[in-house]
């Protein structure tokens, strides 16, 4: 009976301290999705271009150099814009457990 008490206590501490729910790979500014997910890698020029995913600002093109974005599977809209350049809007489809890469080079706005 005494061993049963210590086993239950040890198991309770293990679970309460996050033994099965570790965020070891999580870093500040990163979203961790549990379950079905996909990754989107964005390569855009110029690097100071603002990036929006589904209408939500997510950073600059420079922020995504070598850093994929975790997204839910399905259709998404990627918008990239920078001062002095024509904006670009791209429809992106993401599939469960697949990586999607988007390369965009904005065209300088010659009308100014």
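Every number in this text was worked out from the coordinates using simple rules, so none of it is lab data. Because the structure is predicted, anything quoted here is derived from the model rather than measured. Heads up, the Cβs are rebuilt from the backbone with ideal geometry, glycines too, and the neighbour counts pull from every protein chain shown.
Listing for the model above:
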item: Residues 67, 110, 52 arranged by fewest to most Cβ contacts within 10 Å; result: 110, 67, 52
item: Inter-label distance for residue 63 and residue 107, nm, one decimal - labels placed 7 Å from Cα along Cα-to-Cβ; result: 2.7 nm
item: Two-site label geometry, residue 45 and residue 99: point separation in nm, points 7 Å out along Cα→Cβ; result: 2.1 nm
item: Using alpha carbons only: equivalent-ellipsoid semi-axes of the stretch 36-112, gyration tensor based, whole Å; result: 23, 12, 10
